[in-house]
1. Kindly evaluate ASP227 against the criterion of being in a loop (DSSP other than H, G, I, E, B) and closer than 16 Å to ALA185 by Cβ.
2. Quick one: is LYS43 free of Cβ contacts under 8 Å to residues at least 60 places away in the same chain, within 14 Å of the ligand (Cβ to nearest atom), more than 21 Å from the chain's Cα centre (by Cα) and surrounded by fewer than 18 Cβ atoms within 10 Å (Cβ to Cβ)?
3. Is it true that some residue in region 134-147 is in a loop (DSSP other than H, G, I, E, B), of a type outside the set (Asp, Glu), at pLDDT 95 or above and surrounded by 19 or more Cβ atoms within 10 Å (Cβ to Cβ)?
4. Filter region 154-178 down to the residues that are touching a Ser or Thr at 6+ places or on another chain (Cβ under 7 Å) and at pLDDT 95 or above and list them by number.
5. If you go through region 162-185 one residue at a time, how many are among the hydroxyl-bearing types (Ser, Thr, Tyr), crowded, with 18+ Cβ neighbours inside 10 Å and over 19 Å from the mean Cα position of the chain (by Cα)?
6. Name the single residue that is surrounded by the fewest Cβ atoms within 10 Å (Cβ to Cβ) among those in region 186-209 being of a type in the set (Gly, Ala, Ser) and touching a Phe, Trp or Tyr at 6+ places or on another chain (Cβ under 7 Å).
7. With a cut-off of at least 3 residues that are under 30 Å from ALA117 (Cα atoms) and out of contact with any Gly (no Cβ under 8 Å at 6 or more places or on another chain), name the helices (runs of 4 or more DSSP H) lying wholly within region 235-348.
Amino acid sequence: MRCHSCMVETAKIYCPKCTKELFDGKKVQALTFDKQEFYQKRKEYAKRISISGVQDKLSLTFDENNTLITTDIEGHYILKPAPIEEQVDNSHDICANEHLSMQISKQIFNIPTAGSALIPFSTGELAYITKRFDYAKNGQKLDQEDFAAVLEYTSDRQGRNYKYESSYEACAKAIQMYIPASMPALEDFYKRIVVNYLIGNADAHLKNFSLYRAEGRKDRSLTPNYDLLYTRYHIPNEEGYMGLDLFEDEGDNPTKAFEAMGYYTLEDFELFADKIGIKTKRLEKIFEHILVSTPKVMEMIEHSFLSDEGKEAYRKNYEERLKLHLCYSIEQYDFNAKMRKVIDRLPI
Ligand SMILES: [Zn+2]
């Protein structure tokens, strides 16, 4: 059997490592309730629920028998089933899509990423589950702020779409301001942007990045990565490429490639790295790692819980974004030539 979290072959639904990491060693097999009960509870808690977002979610916690139950207070897990009605395309793949996207971020790009898995309802249907990272081991809530709060973007000030009205450059400046010794955090943030671009997540908005004070720390850091999804597969007509612009003032920085193609390519990502202070040598390392990891991404897609059509769509999108977008450039120059050599060695 595939571990329903890390996807390695294992005897039970979760391998020992994931059982420890995700469930603190508690032997979880499946939920004891079905989807109907999920929606019933969802209605009951509706007035008090605080987890934001549009997809229906519920908090879960362990009861005294180590069984996962729904709760409306201080649940350390979030359960997100596939939408019950056909509100989006390919809704049967949405849980496997988010799970795969999170595992790519964690296992391949080595980005700190929230714990994630698929978990069966009592009927066997799989739902997506993620472990909250904003609680300390003693149950205390950690101090956390998303980037809408950090940059003080609100619906009153920026309007209804406020969480899409900023740029990754503005987020990076906030990281420089609030995180001491910010370079590792900036590189981490940069990788998150590239991953979102490659997997086709057009919903990486201000609320999907946060700062927090990790347990036992006084200074702030980026929270683990969360809410990753190849959104185009479910919303084909979605606008934009990642959710936010790369640059604070797009008009001031159009690269030749962006002017010609209308989407971001290598030149834009190089310029973005430069603007946020990532040195060329480091950028080459980051890109090389991303490029040589491509076969591992393909393997993980194949091992994922997506349907065959889902795998095909995920793979095609990733390859297209990598080859035709991220690695594309109009002009030949140093960085590009070096990356070209890496790209040419890839088996894709
Ligand atoms: Zn595992």
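1. no
2. Numbers: free of Cβ contacts under 8 Å to residues at least 60 places away in the same chain: yes; within 14 Å of the ligand (Cβ to nearest atom): no; more than 21 Å from the chain's Cα centre (by Cα): yes; surrounded by fewer than 18 Cβ atoms within 10 Å (Cβ to Cβ): yes.
Criteria not met by LYS43.
3. No, that holds for no residue.
4. ILE175, GLN176, listed by residue number.
5. 2
6. ALA202
7. Ranges flagged: 280-292, 294-303, 308-320.
A quick yes/no check of all residues on (1) open to solvent by less than 100 Å² (accessible area, probe 1.4 Å); (2) away from the ligand (no atom under 16 Å from the Cβ); (3) at pLDDT below 95; (4) not in a loop (DSSP other than H, G, I, E, B):
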{"residue": "TYR14", "(1), (2), (3), (4)": "yes, no, no, no"}
{"residue": "CYS18", "(1), (2), (3), (4)": "yes, no, no, yes"}
{"residue": "LYS26", "(1), (2), (3), (4)": "yes, no, no, no"}
{"residue": "PHE38", "(1), (2), (3), (4)": "yes, yes, yes, yes"}
{"residue": "LEU60", "(1), (2), (3), (4)": "yes, yes, no, yes"}
{"residue": "ASN65", "(1), (2), (3), (4)": "no, yes, yes, no"}
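The values are calculated or read from the model by the stated rules, or taken from the named source; none is laboratory data. Everything quoted here is computed from the prediction, not taken from an experiment. Glycine also receives a Cβ, built like all others from the backbone with ideal geometry; neighbour counts cover every protein chain displayed. The accessibility values were calculated without ligands, DNA or RNA, using every heavy atom of the protein model including side chains. Shrake-Rupley method; radii C 1.70, N 1.55, O 1.52, S 1.80 Å.
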